Amino acid sequence: MVDYPPEEGNEDRFISGFVHINEPILKRSPQQSPPSNALKVEHVVPFLKKNLYWGVMKADGTVPDLSSFPSLEVMVMATPLTFYPGSEYPEAGEPVLYPEITRGKPGGAKD
């Protein structure tokens, strides 16, 4: 939960969130054959480097410049999933970070 405005002493609190983007990638990436190829790293990384954008919107609906949020760091992470025969749910592998996708953009990965 995020407090607005931050409580006294919580100004430097770390807040994270996740946005799942498989479906938008499949809809917007160049057609691959089979379609599942569109989610392979060698296709996704260049696609996101070119097409991934983000922003901040305040509670009042205004959109401030990202430079006013020096601690903002947007990072792309992929978690491989494996479906085993007879399993109801996939098993998650180790998450992999791709800082090169957002590095160099305002609010992107920091070195």
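Values in this text are rule-based calculations from the coordinates and carry no lab data. Remember, predicted model here, so these are calculated numbers, not experimental data. Note that each Cβ is placed from the backbone with ideal geometry, even for glycine, and that neighbours are counted across all protein chains shown.
Taking 19 Å as the cut-off for C-alpha to C-alpha distance, list the pairs among Lys40/Lys110; Lys27/Lys110; Lys27/Lys50; Lys27/Lys49; Lys49/Lys105 that go past it.
Lys40/Lys110; Lys27/Lys110
Whole-Hz Karplus ³J(HN,Hα) for segment 48-60, in order, using 6.51 cos²θ - 1.76 cosθ + 1.60 and θ = phi - 60°, x for Gly and Pro?
Running phi through 6.51 cos²θ - 1.76 cosθ + 1.60 with θ = phi - 60° gives 6, 4, 7, 10, 8, 9, 8, x, 10, 10, 6, 4, 8 Hz.
Just check segment 68-111 against the gyration tensor rule for me: Cα atoms, a ≥ b ≥ c as the square roots of the eigenvalues, rounded for a/c under 1.5, and otherwise prolate or oblate depending on whether a/b exceeds b/c.
Here segment 68-111 falls in the prolate category.
Please compute, over every Cα-Cα pair in segment 41-92, the percentage with a separation greater than 19 angstrom.
Distances greater than 19 Å cover 57 percent of the Cα pairs.
Output the peptides 41-52, 98-109, 14-25 sorted from most to least packed, where packing is the average of other Cβ atoms within 10 Å over each peptide's residues.
Packing proxy ranking, top to bottom: 98-109, 41-52, 14-25.
Which value, in Å³ per residue, describes the convex hull spanned by the Cα atoms of segment 10-111?
165 Å³
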